[in-house]
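The values are calculated or read from the model by the stated rules, or taken from the named source; none is laboratory data. As the structure is a prediction and not an experimental result, all values here were calculated from the model. Cβ: placed from backbone, ideal geometry, glycine included. Neighbour counts: every protein chain shown.
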């Protein structure tokens with residue numbers, strides 16, 4: 001498998017995570033210090049500081065989780081896909097979505113899921129168990145995968161429509177990838193989008209692609225790959 005990674009964007013967002021982390025802590029500490037000798041004005045400022053500090057901390061968590069930790073989500077997924085043949089190219093933060101995999105079989109959108117506990121689907125996605133505090137702070141919360149899938153698919157489809165003829169747009173498939181070491185996948189038989197543990201990602205993609213009857217042309221694939229390369 002070939003890989004194209006936008007290191008400039010990753011490094012920038014890593015810096016944003018580090019800066020907002022320090023800033024969030026400083027604001028929260030400042031708000032607490034004001035409460036040592038409270039008066040109405042200090043109490044109000046302290047309350048505002050705590051709200052702002054918590055918001056900044058949440059922003060920091062988003063950036064640090066995705067860009068500041070090693071291995072990053074994209075590194076874990078890339079490591080699993082690395083043994084695909086060179087007909088496949090993984091684009092990381094290069095293009096309209098965080099990750100996508102191209103080949104003559106079409107486009108795959110791997111979407112990381114960091115929720116703990118058991119993940120299942122019964123008309124809607126459900127999460128049972130997991131760490132309550134981590135879910136409260138948005139780090140292990142399942143959220144709404146269907147919204148993420150819809151957004152990502154619309155983003156890449158709109159991008160391709162701007163650059164390709166309608167009949168040249170290849171199949172676009174999303175796949176949810178469970179990354180939490182203590183997560184388990186329950187009953188997902190009726191799920192509209194497949195979900196797999198990361199170790200099964202490459203195997204699942206190969207299995208689906210082998211069954212596809214049509215392939216996109218080399219010309220179309222080259223055009224898509226050229227569109228996705230980061231600008232120098």
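Residues in the range 30-58 that are buried (at least 16 other Cβ atoms within 10 Å of the Cβ) and under 33 Å from the mean Cα position of the chain (by Cα): 31, 49, 50, 52, 53, 56, 57.
Listed here are the residues, each with its yes/no results for (1) modelled with pLDDT of 95 or more; (2) touching a helix residue (DSSP H, G or I) at 6+ places or on another chain (Cβ under 8 Å).
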site: 159; (1), (2): no, yes
site: 186; (1), (2): no, no
site: 201; (1), (2): yes, yes
site: 205; (1), (2): yes, yes
site: 218; (1), (2): no, no
site: 221; (1), (2): no, no
site: 225; (1), (2): no, no
site: 228; (1), (2): no, no
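The condition of being surrounded by 19 or more Cβ atoms within 10 Å (Cβ to Cβ) and on the phi > 0 side of the Ramachandran plot holds for only one of 117, 123, that being 117.
Scanning the range 23-39 for residues that are farther than 29 Å from residue 180 by Cβ and either in contact with a helix residue (DSSP H, G or I) (Cβ under 7 Å, 6 or more places away or on another chain) or not in a helix (DSSP H, G or I) (or both) yields 27, 30, 31, 34, 35, 36, 37, 38, 39.
Whether any residue in the range 75-89 is more than 21 Å from residue 206 (Cβ to Cβ) and either touching a residue at least 40 places away in the same chain (Cβ under 8 Å) or touching a helix residue (DSSP H, G or I) at 6+ places or on another chain (Cβ under 6 Å) (or both) is what I want to check. Within the range 75-89, none of the residues are more than 21 Å from residue 206 (Cβ to Cβ) and either touching a residue at least 40 places away in the same chain (Cβ under 8 Å) or touching a helix residue (DSSP H, G or I) at 6+ places or on another chain (Cβ under 6 Å) (or both). Among the residues making up the range 104-114, those that are under 16 Å from residue 171 (Cα atoms) and surrounded by 22 or more Cβ atoms within 10 Å (Cβ to Cβ) are 105, 107, 108, 110. Among the residues of the range 160-199, those that are in a helix (DSSP H, G or I) and crowded, with 17+ Cβ neighbours inside 10 Å comprise 160, 198.
Could you tell me whether the range 7-22 includes any residue that is over 28 Å from residue 196 (Cα atoms), at pLDDT below 95 and not in a helix (DSSP H, G or I)? No, the range 7-22 contains no residue that is over 28 Å from residue 196 (Cα atoms), at pLDDT below 95 and not in a helix (DSSP H, G or I).
Among the residues that make up the range 169-179, is at least one of them over 20 Å from the mean Cα position of the chain (by Cα) and free of Cβ contacts under 8 Å to residues at least 40 places away in the same chain? Yes; the residues of the range 169-179 include at least one that is over 20 Å from the mean Cα position of the chain (by Cα) and free of Cβ contacts under 8 Å to residues at least 40 places away in the same chain.
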